[in-house]
Structure formats: C-alpha cells, structure tokens
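Encoded as structure tokens, the structure appears first; notes follow it.
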C-alpha cells in the first residue's frame, strides 16, 4: 500500500471515529482514550492529541468551504 493510500485510510478512519457533537468540544482524555487508541488499533498509526487537533482544524476548514460553496451556488449553470 502506498503512503498516500495509508494517509487517506487514516483520514477516513478518523472521520468515522469522530463523535457527532455539535459543539465540537471534546476533552483531551476522551480523544486519547476513545479515538486515538481505536485509530492505532485499526490502522496502526501512533498519533498524538496535537495531530488530532491539526486534522480537525483541516476538516473544519474543508467543511466550511463546501458549505460556503453550496450557500453561494444558485443551482443554475
């Protein structure tokens, strides 16, 4: 498996493991015990809380870009 495929697999697994809390605030112990531990078991990567926060920031920016695109799209042409 290539490095790009492994990274993509890790991202998809992280998205799947994210809780659907609307406020988006999850304490550090919960992230380390519930999300990162399962991510390590399933994919075999050793990530820290700072990596998690960085990835969440990227996902939020990407999501906001899509929402903005949909909001400003009239549906014509």
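Residues that are surrounded by 10 or more Cβ atoms within 10 Å (Cβ to Cβ) and either part of a loop (DSSP other than H, G, I, E, B) or modelled with pLDDT of 70 or more (or both) do not occur anywhere in region 69-77. The C-beta contact set for region 33-57 (first residue on the phi < 0 side of the Ramachandran plot and touching a residue at least 60 places away in the same chain (Cβ under 8 Å), second residue assigned to a loop (DSSP other than H, G, I, E, B) and surrounded by 15 or more Cβ atoms within 10 Å (Cβ to Cβ), distance under 6 angstrom, 6+ apart or interchain) is empty. For region 45-68, a residue qualifies if it is outside any helix (DSSP H, G or I) and either surrounded by 10 or more Cβ atoms within 10 Å (Cβ to Cβ) or in contact with a strand residue (DSSP E or B) (Cβ under 7 Å, 6 or more places away or on another chain) (or both), and the qualifying residues are 45, 47, 48.
Of the residues in region 17-32, at least one is modelled with pLDDT under 75, in a helix (DSSP H, G or I) and in contact with a helix residue (DSSP H, G or I) (Cβ under 7 Å, 6 or more places away or on another chain). The single condition among (1) surrounded by 11 or more Cβ atoms within 10 Å (Cβ to Cβ); (2) modelled with pLDDT of 85 or more that residue 7 does not meet is (2). State all residues of region 45-57 that are at pLDDT 80 or above and in contact with a helix residue (DSSP H, G or I) (Cβ under 9 Å, 6 or more places away or on another chain); if no residue qualifies, say none. Hits for region 45-57 are 46, 47, 48, 49, 51, 52, 53, 55, 56.
The values are calculated or read from the model by the stated rules, or taken from the named source; none is laboratory data. Quick caveat: nothing in here was measured; it's all calculated off a predicted structure. Glycine also receives a Cβ, built like all others from the backbone with ideal geometry; neighbour counts cover every protein chain displayed.
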